[in-house]
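Heads up, the thing below is written out as structure tokens.
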Amino acid sequence: MQHNTPQSNRGNTHGQALVPVILVMLIFTILALSFAGSASREIRASANYMHTVEKSLAAKGAVNYAMAALAQTSKNGATYGVVPPSGDTDSNGWRKMGDAFVKIEVIDTGAFLSLNSVDRAWLQRLPLFKDNNDLVTAIMDWKTKIDPSSNQGGDNKSEYYQSLPTPYQCKSAPFDSVEELLLVKGMSPQMLYGTLSGSPVQPGMATMSSGNSGGFGTTSSLRDGYTRQIPMTGFTPSTPSGGSPSGGNPNRPNSSGGNGNPNNSGNNPNNPNGQNNPSNQQDMQDFQEIFDRSQIPLIELLVPYATERNVASDGTARVNINTATEEDLTSKVGLTTEQAQAVIGQRNSNPNSNGNPSGNGGGNPPPPTDTPAPTPPPSGNPRPGGGNGFPGGRPRPGRPGRPGGFRSVFSTRQAPVGNGANPNSGGGTPNANGANGNGGNGNGDTSNQPSNPINNLSDMLALPGFTRALMQKIADKITFDDSPTRTGVINVNTAPSEVLATVSGMRRTVLDAIINFRQSGKAFQTIGDLFALQEMGRQDYQQLLPLLTTKSTTYLVRVKVRVAGQQGITAYSALVEMAEAGPRVV
């Protein structure tokens with residue numbers, strides 16, 4: 001029997017087959033679009049990664065270039081290093097490196113306060129910390145290693161930090177960066193990125209006060225776009241003129257100047273020790289004025305640490321004045337036989353002769369003038385000084401000792417503290433070893449140490465035949481211990497007034513003399529050049545020279561990288577140190 005299928009049923013069958021085909025095609029289309037989008041993203045990510053690697057390699061190349069230039073121009077840390085512009089550097093400081101363009105900026109860390117080296121008193125000379133003991137304590141706790149023998153364990157230091165929503169431990173180790181301060185209890189971004197007076201930094205106003213540029217002319221940008229002028233060419237050899245002839249501030253007749261008020265002069269024959277009248281209060285007011293008008297943010301005045309290699313400007317090792325032989329003192333330092341014998345006689349003298357930690361006899365030291373003192377006896381062991389510190393005087397009876405001044409100018413050793421009333425006292429601390437005095441209570445080993453070591457450059461002015469002019473020539477050649485580096489010292493050639501004002505013992509008259517000398521377009525070649533500043537007296541030398549330098553070993557290298565056809569600039573930074581074995585990234 002024949003059956004006929006209706007026409008309508010055949011049409012429905014054909015339509016049912018088309019629907020699955022359309023669905024399959026739709027799925028394939030979605031998958032294709034998804035794969036295409038993923039591939040596009042992968043391509044962009046690969047391109048971004050390639051550009052990041054390209055910029056990173058360009059930055060590393062720029063840092064290596066800067067390290068090589070710094071090592072060459074500074075004789076590996078013996079003098080001040082610079083990165084001279086290359087021939088393809090444009091007017092904005094950009095130079096081509098591979099397919100990228102880089103801009104290299106070198107910042108001398110000696111111009112800043114070394115965060116890991118400054119103590120509580122130094123920090124509190126900054127207005128932000130002056131009356132904020134809790135914040136200073138928190139900073140000191142953060143960078144100070146826990147003493148296992150102390151009852152103050154790490155848990156006590158971390159109690160506050162553990163109570164935060166995101167808890168963490170008090171580091172109890174040195175700062176790795178300045179920004180790490182934001183982790184410290186009491187520190188806020190407003191304080192770290194604001195001015196020293198606590199106000200916000202005004203855009204376009206971050207300029208150095210009191211001629212802080214030093215007259216070097218080439219500008220290098222600071223963090224967050226602020227600018228500082230730093231030297232990019234060699235220093236001009238010069239001899240300090242001593243600043244203004246008056247030596248003092250004419251607006252402050254009672255200030256302690258070189259030849260200003262005769263009652264305050266460090267060069268006054270009636271005041272040979274350079275003792276300054278109590279004008280410290282006035283000086284602090286003057287420094288406050290510097291801080292008040294400063295527009296440099298706090299973060300721009302700090303670095304993790306700064307160092308200086310303990311070598312002369314020609315790269316040779318400095319001569320330890322306390323252990324050198326007479327031949328070394330004459331051939332390497334340049335002293336006469338009589339002067340060398342005076343040094344040896346001083347360090348071998350009996351420190352109990354007067355009870356003064358310096359062991360320079362009972363009288364005052366000779367005035368720091370260029371007039372040679374009388375020649376010591378041929379034996380090379382001058383007798384204790386008399387009425388004015390010259391040989392042949394009669395020693396006074398012992399008297400209670402005073403702190404032996406500040407640390408050695410090229411030393412991290414604390415000056416000895418004597419007790420003249422104790423006939424057994426050798427000027428050392430109670431538990432001192434031979435290096436820190438003269439054995440103290442006798443527990444130290446003094447077999448290889450001088451019985452009466454010379455502690456700083458200022459003490460040498462008390463020796464017969466040693467004048468300012470002589471110290472200016474030899475100061476860079478000598479040291480007082482064998483430490484390979486000096487840490488936390490301030491570079492007088494590059495430090496701004498805000499930093500110089502925080503140095504312990506700094507007077508406004510001396511600060512102005514330093515700034516005026518730099519503004520004349522010159523630079524201090526060695527620490528000895530400071531002896532030519534007439535504004536400085538013996539007390540200034542004793543207090544300031546251990547904390548100052550004229551060069552640096554550590555530099556902050558900042559590199560900006562851009563690539564043609566790409567938007568934006570990527571910034572990198574590296575802390576570079578000129579070590580004895582060569583430059584290295586810290």
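The values are calculated or read from the model by the stated rules, or taken from the named source; none is laboratory data. Please read all numbers here as calculations on a predicted model, not as lab measurements. Quick reminder, even Gly has a Cβ in these numbers, built from the backbone with ideal geometry, and neighbours come from all protein chains shown. Just so you know, the surface numbers come from the protein's heavy atoms only, side chains and all, with ligands and any DNA or RNA stripped out. Shrake-Rupley method; radii C 1.70, N 1.55, O 1.52, S 1.80 Å.
First measure r as the distance between the Cβ atoms of residue 147 and residue 483, then evaluate 1/(1 + (r/R0)^6) with R0 = 22 Å and state the FRET efficiency to the nearest 0.05. Taking R0 as 22 Å, the efficiency between residue 147 and residue 483 is 0.40. Computed from phi, the 3J(HN,Hα) profile of the range 117-128 under the Karplus parametrisation 6.51, -1.76, 1.60 (θ = phi - 60°) reads 10, 5, 9, 4, 4, 5, 4, 6, 7, 8, x, 4 Hz, with x in place of Gly and Pro.
Summarising the amide proton neighbourhood of residue 97: residues at separation of 5 or more, or on other chains, whose placed amide H is nearer than 5 Å comprise 102. Here r is the Cβ-Cβ distance between residue 330 and residue 581 and R0 is 41 Å; the resulting FRET efficiency, rounded to 0.05, is 0.85. Label-to-label distance, residue 46 versus residue 288, with points set 7 angstrom from Cα along the beta-carbon direction: 6.6 nm. Spin-label model, residue 197 to residue 180: label points 7 Å out along the Cα-to-beta-carbon direction sit 3.2 nm apart. Counting only protein heavy atoms and using a 1.4 Å probe, the accessible area of residue 161 comes to about 10 Å².
Charges at C-beta only: +1 for Lys and Arg, -1 for Asp and Glu. How large is the resulting dipole of the range 487-583 about its Cα centre, in Debye rounded to 20? Intermediate values should be presented prior to the final figure.
On the way: 9 positive and 7 negative charges, 64 e Å.
The calculated dipole for the range 487-583 is roughly 300 debye.
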